[in-house]
Amino acid sequence: MKPLVLVDIDGVLNPLGRPSADFRRYRCVLEGETYTVHLNPRHGTWLLELAVRAGAELVWATTWEHHANEWIAPRLGLPTLPVIRVAQDRPSEVGEMFKTPHVAEYVRGRPFVWFDDLLFSADERYLRDHPDVGDFFLVQIDPKTGLTRQHFDLATEWLTLSGFSQGP
């Protein structure tokens with residue numbers, strides 16, 4: 001099965017700390033609210049490279065939901081991506097983050113890498129115990145710094161060991 005690469009925005013592509021010089025600042029308006037986001041254009045290149053190498057599908061797993069395709073994807077050079085709806089409408093079962101049950105339903109047994117800043121042991125436990133979740137690799141991002149090349153290297157290594165990567 002074609003693997004998935006799930007991507008969060010705030011704390012991952014948009015660091016919550018002071019961004020490095022590699023990031024560009026954007027102001028966007030979502031539903032009447034103005035937000036400032038800092039984006040690194042290399043992230044789009046790295047995500048596309050990872051997807052091509054692994055034959056994977058990129059998917060948004062973010063509270064931005066469909067707004068990610070409008071505001072984030074074009075600024076990173078990404079195409080329109082599928083979106084996992086992650087409404088905060090469920091009580092926690094084992095202490096997992098609100099997105100985790102939605103991710104479990106979406107993946108339907110497909111292997112996946114998930115880049116997020118709010119992944120902890122309860123999320124891993126929930127996913128391991130869910131009947132519709134197959135192999136996965138959670139990449140927890142430090143929200144102050146956001147996504148780094150090392151995170152991509154970890155994901156590439158997991159996809160390679162899992163038999164998905166098609167070489168450099």
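In percent, rounded to a whole number, the relative contact order of region 49-110 is 28, using alpha-carbon pairs under 8 Å and six or more apart. Taken along the Cα-to-beta-carbon direction at a fixed 7 Å, the label points for residue 45 and residue 57 span 2.8 nm.
If you stretched the chain out fully between residue 125 and residue 108, how much longer would it get, using 0.36 nm times the residue separation minus the C-alpha to C-alpha distance? Write down the numbers at each step before the final one.
Working: separation 17, 0.36 × 17 = 6.12 nm, distance 1.67 nm.
So the extension gain works out to 4.5 nm.
Rolling a 1.4 Å probe over the protein heavy atoms leaves residue 135 with an accessible area of roughly 110 Å². Beyond 26 Å, the tail of the calculated P(r) for region 38-168 holds 19 percent of the Cα pairs.
Tally Lys and Arg at +1 and Asp and Glu at -1 over the other residues with C-beta under 15 Å from the C-beta of residue 110: what net charge comes out?
On the way: positive: 2, 108; negative: 57, 105, 132, 135.
Charge balance near residue 110 sits at -2.
Taking all C-alpha pairs of region 88-156, those more than 20 Å from each other amount to 29 percent. Most tightly packed first, judged by the mean number of other beta-carbon atoms within 10 Å of their residues, the peptides 25-36, 60-71, 140-151 read 60-71, 140-151, 25-36.
What's the extension gain from residue 65 to residue 25 if we count 0.36 nm per residue and subtract their Cα-Cα distance?
Stretched fully, the residue 65-residue 25 segment lengthens by 12.4 nm.
Heavy-atom accessible surface of the chain, averaged per residue, reaches 50 Å², computed with a 1.4 Å probe. Apolar share of the accessible surface for region 25-86: 50 percent from carbon plus sulfur atoms, 1.4 Å probe.
Which shape class applies to region 50-98: rounded if a/c is under 1.5, otherwise prolate when a/b exceeds b/c and oblate if not, where a ≥ b ≥ c are the square roots of the Cα gyration tensor eigenvalues? Taking the square roots of the gyration eigenvalues as a ≥ b ≥ c, region 50-98 is oblate.
The values are calculated or read from the model by the stated rules, or taken from the named source; none is laboratory data. Small disclaimer: the values here were computed from a predicted structure and weren't measured. Don't worry about glycine lacking a Cβ; one is built from the backbone with ideal geometry, like all the others, and counts go over all protein chains shown. Just the protein is used for accessible areas: all its heavy atoms, side chains included, with ligands, DNA and RNA removed. Shrake-Rupley method; radii C 1.70, N 1.55, O 1.52, S 1.80 Å.
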